[in-house]
Amino acid sequence: MAARETDVLIAGLGPVGAVLALLLAQWGVRSIAIERDHEVYKLPRAAHFDHEIMRVFQQVGIADALLPHTRALSRYEFRNAAGDTLMLIEQRDGNAISGWRPSYMFHQPAMEGLLRERLKECGQIQTMLGATLSEIEHNTENGVVARVVHDDGSEDTISARYLVGCDGGSSTTRRMAGIDLFDYGFDEPWLVIDTLVEDESMLPQCGLQHCDPARPTTVMPMSPGRRRWEFMLKPGETVEQVTDDAFIDQLLKAWLDPSAANVIRKAVYRFHGLVAKQWRACSVLLAGDAAHQMPPFLGQGMCSGVRDAASLAWRLGLVINHGASGALLDTYQTEREPHVRAIIETAIGMGRVVCTMDEAAAAARDRDMIAARKAGAAGGAPFLPSLGEGMFHASPRAGEIFPQADTGSSRKFDDLAGEGFWLIGHDAHAADAPAFVRRHTLTGDVPALCDWLGDAEAVLVRPDRYVFGTGTPAALIAALKAQLRHG
Ligand SMILES: Cc1cc2nc3c(=O)[nH]c(=O)nc-3n(C[C@H](O)[C@H](O)[C@H](O)COP(=O)(O)OP(=O)(O)OC[C@H]3O[C@@H](n4cnc5c(N)ncnc54)[C@H](O)[C@@H]3O)c2cc1C
């Protein structure tokens, strides 16, 4: 049995583990990423991500290559069986605050393939495919020792400063660390079908929840030429029954001639809402589905995991390579958990609207929602909640997403600004900043940022693009240093 050593052991190379490894490498953190399977996961899962996630994909270098596998989506509509609109979420044209379109539909295997290619290019990341985390032998504040079993039956012991479990909903890491789940008590079975469709012109051009109590159904455009249908199972229906080709044809018939749709994936999922009670146990941390799972009605499960990775990477980078206190890692959960819970609760609320199979309850729902729409309620853009308490400097605009402003050139602002923290102001060199803080003095080259700053002298932006605080450069840097010392 060989013994290996690294800074961070990442268990699971789904989207969250892969993004985390790539972001850690930007902090000079060495990682070993182990993945049970050899290929990216083939079954249908995420179909949507938002502008903030595209900004993270930009940060890890896949955004441009990913664009052809996406389609921007501006309407998400809930309709009743008669076709009346119950709720309409409309996004405005143009870019959102992160410098990308508000919402994208996409093809998850293509995105994961691009992440895998990036991993191969990155020297600091050692990827082991066909390698399964089997046991955590040792976990203290000083590090972890984990046992890994390879496909050929051989074993490795890996010692790491930290282990991050990105190993999905049935996380071995979570179980080994003895972490329990909070269960929201939402548990609904759905059949998910991905298809290739040549002519989409007759299909809904929006994301559609067809709230028909006889068979609640979701219809989603994905990347160009790809369509997803989700059908709620009725009581008593079995997986074998609903995944039968003839049964699927019957379901699709309501929407198109089934021979026009090439079914490429089908699977039954239980949609539920779960949150790990602890996101850190000594040197073990959880991210992505290992830490939380939600029904897909907001399309935010993977998005939330990618936000976890973006929140965790710079914290680990500062602790491992820049002497920050390990207590900084505790603010990962205090910031992220309220954000995730708010999204889960909204997704479950939407799920309860959709998953109504009782005819009388559906009729009452339709009456109430149509009346609410007439009264001007509902609609607008989907919300993104605020982060919880954490590593911010109490000052105006702390905790906001920092805009990716238009630079007037083909290069995006984040690419020009580079990695690390950003101190941006009228005189950003007026403070003695650590090396991981990049300083940008505004010279009128990016007018939108001068407008954003207003009366403030400067803003300090965190690597996950949230505002640490505004104020004088000296006060911001002093506050940053104090928080890195004490967490
Ligand atoms: C039907 C459906 C629709 C969805 N739609 C959306 C959507 O529109 N938008 C959205 O944002 N999210 C959506 N999601 C959720 C999204 O797919 C997940 O949140 C996301 O894939 C989780 O990523 P992850 O990296 O945390 O976990 P996973 O993608 O599950 O990856 C975990 C990885 O860990 C590996 N692994 C597991 N155990 C071990 C072990 N012991 N050792 C080594 N490796 C291990 C697995 O092989 C896997 O590759 C949807 C989910 C479903 C089911």
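Just the number please: accessible area per residue for region 109-180, 1.4 Å probe, all protein chains included, in Å².
44 Å²
Grab the Cα-Cα distance for residue 116 and residue 406, subtract it from 0.36 nm times how many residues apart they are, and report the gain in nm with one decimal.
Result for the pair: 101.4 nm of gain on full extension.
Would you mind checking which residues have amide H under 5 Å from residue 222's amide H? H placed 1.01 Å from N; only 5 or more apart, or other chain.
Placed amide hydrogens put 227, 228 under 5 Å from residue 222.
Pop out the ³J(HN,Hα) list for region 334-342 in order, Karplus 6.51 cos²θ - 1.76 cosθ + 1.60 with θ = phi - 60°, rounded to Hz; leave Gly and Pro as x.
Those phi angles translate into 5, 7, 7, 4, x, 4, 5, 5, 4 Hz.
Separation between the residue 262 and residue 363 pseudo-spin-labels, each 7 Å from Cα along Cα→Cβ, expressed in nm?
Here the modelled spin labels are 4.5 nm apart.
Of 320, 421, 305, which is farthest along the charge dipole of region 303-449 in the positive direction, counting Lys and Arg as +1 and Asp and Glu as -1 at C-beta?
The listed residue farthest towards the positive side: 305.
Could you pull out every one of the aspartates and glutamates with an alpha carbon less than 15 Å from that of residue 120, ignoring same-chain neighbours closer than 8 positions?
Excluding near neighbours in sequence, the set is 35, 39, 112.
For the chain, what does the helix formula give at 222 nm: sum of -39500 (n - 2.57) over DSSP H segments with n ≥ 4, over the residue count, nearest 500 deg cm²/dmol?
Details: 13 runs with 145 residues, N = 487.
So the helix-based figure for the chain works out to -9000 deg cm²/dmol.
Mean 1/r over all different Cα pairs, inverted: what Kirkwood radius does region 389-480 give, in Å?
Numbers: mean 1/r = 0.0770 Å⁻¹.
The Cα-based Kirkwood calculation yields 13.0 Å.
Roughly speaking, to the nearest percent, how much of the chain's 1.4 Å accessible area is carbon and sulfur?
Carbon and sulfur atoms account for 50 percent of the accessible area of the chain.
At R0 = 22 Å, how high is the FRET efficiency between residue 397 and residue 451 if r is their beta carbon distance? Nearest 0.05 is fine.
That gives a FRET efficiency of 0.95.
Send over the per residue convex hull volume for region 201-354, Cα only, as a whole number of Å³. Show your work: numbers first, answer last.
Numbers: hull volume 22.9 nm³, N = 154.
Spelled out: Cα convex hull of region 201-354, divided by residues, is 149 Å³.
When only Cα pairs under 8 Å and 6 or more residues apart are kept, what is the percent relative contact order across the chain?
17 percent
Can you compute the charge dipole magnitude of region 215-330 about its Cα centre, using +1 on each Lys and Arg Cβ and -1 on each Asp and Glu Cβ, nothing else charged? Give it in debye, rounded to the nearest 20.
The dipole magnitude comes to about 280 debye.
What does DSSP give for region 413-486 in terms of the percent of beta bridges that are antiparallel, rounded to the nearest 5?
Roughly 60 percent of the beta bridges in region 413-486 run antiparallel, per DSSP.
Skip the ligands, DNA and RNA, and give the accessible area per residue of region 413-486 with a 1.4 Å probe, whole Å².
Value returned for region 413-486: 40 Å² of accessible area per residue.
Using only the Cα atoms, what convex hull volume per residue in Å³ does region 73-199 have? Before the final figure, lay out each step's value.
Working: hull volume 33.7 nm³, N = 127.
Each residue corresponds to 265 Å³ of Cα convex hull volume.
Mind listing the phi-derived Karplus ³J(HN,Hα) values for region 93-103, rounded to whole Hz, using 6.51, -1.76 and 1.60 with θ = phi - 60°, and x for any glycine or proline?
5, x, 8, 8, 4, 7, x, 9, 4, x, 9
Let me know the charge dipole size of region 9-51 about its Cα centre in debye, to the nearest 20, where only the beta-carbon of Lys, Arg (+1) and Asp, Glu (-1) is charged.
Computed about the Cα centre, the dipole is about 60 debye.
For a protection proxy built on the mean count of beta-carbon atoms within 10 angstrom, sort 126-138, 42-54 highest first, please.
42-54, 126-138
Would you list, by chain and number, the aspartates and glutamates whose Cα falls below 19 Å from the Cα of residue 374, excluding same-chain residues fewer than 8 positions away?
Within reach: 77, 84, 90, 366.
Just from the alpha-carbon atoms, what are the Rg and Dmax of region 139-248 in angstroms?
21.3, 59
Please list 427-438, 406-417 highest first by mean number of surrounding beta-carbon atoms within 10 Å per residue.
427-438, 406-417
Just to confirm, what accessible area per residue do you get for region 237-330 at 1.4 Å probe, in whole Å²?
Ligands and nucleic acids excluded, the figure is 34 Å² per residue.
Roughly how compact is the chain, stated as its Cα Rg over 2.2 N^0.38 Å to two decimals? Could you put the intermediate results ahead of the total?
Details: Rg = 23.3 Å, N = 487, 2.2 N^0.38 = 23.1 Å.
It is 1.01.
Using the charge dipole of region 114-254 (Lys, Arg: +1 at Cβ; Asp, Glu: -1 at Cβ; taken about the Cα centre), state which of 238, 133, 224 has its Cα farthest towards the positive end.
Towards the positive end, the residue furthest out is 224.
To make sure I understand the rule: partners must be aspartates and glutamates, Cα under 12 Å from the Cα of residue 412, and not fewer than 8 residues away in the same chain. Which ones qualify?
Output for residue 412: 64.
Would you work out the relative contact order for region 413-486, in percent, from Cα pairs under 8 angstrom that are 6 or more residues apart?
31 percent
Picking from 185, 276, 211, whose Cα lies most toward the positive end of the charge dipole for the chain (charges on Cβ: Lys, Arg +1; Asp, Glu -1)?
Result: 276, furthest along the dipole toward the positive end.
The values are calculated or read from the model by the stated rules, or taken from the named source; none is laboratory data. This is a predicted model, so every value here is computed, not measured. Reconstructed Cβ throughout: ideal geometry from the backbone, glycine too, with neighbour counts over all protein chains shown. What goes into the accessible areas is simple: the full protein's heavy atoms, side chains included, and nothing from ligands, DNA or RNA. Shrake-Rupley method; radii C 1.70, N 1.55, O 1.52, S 1.80 Å.
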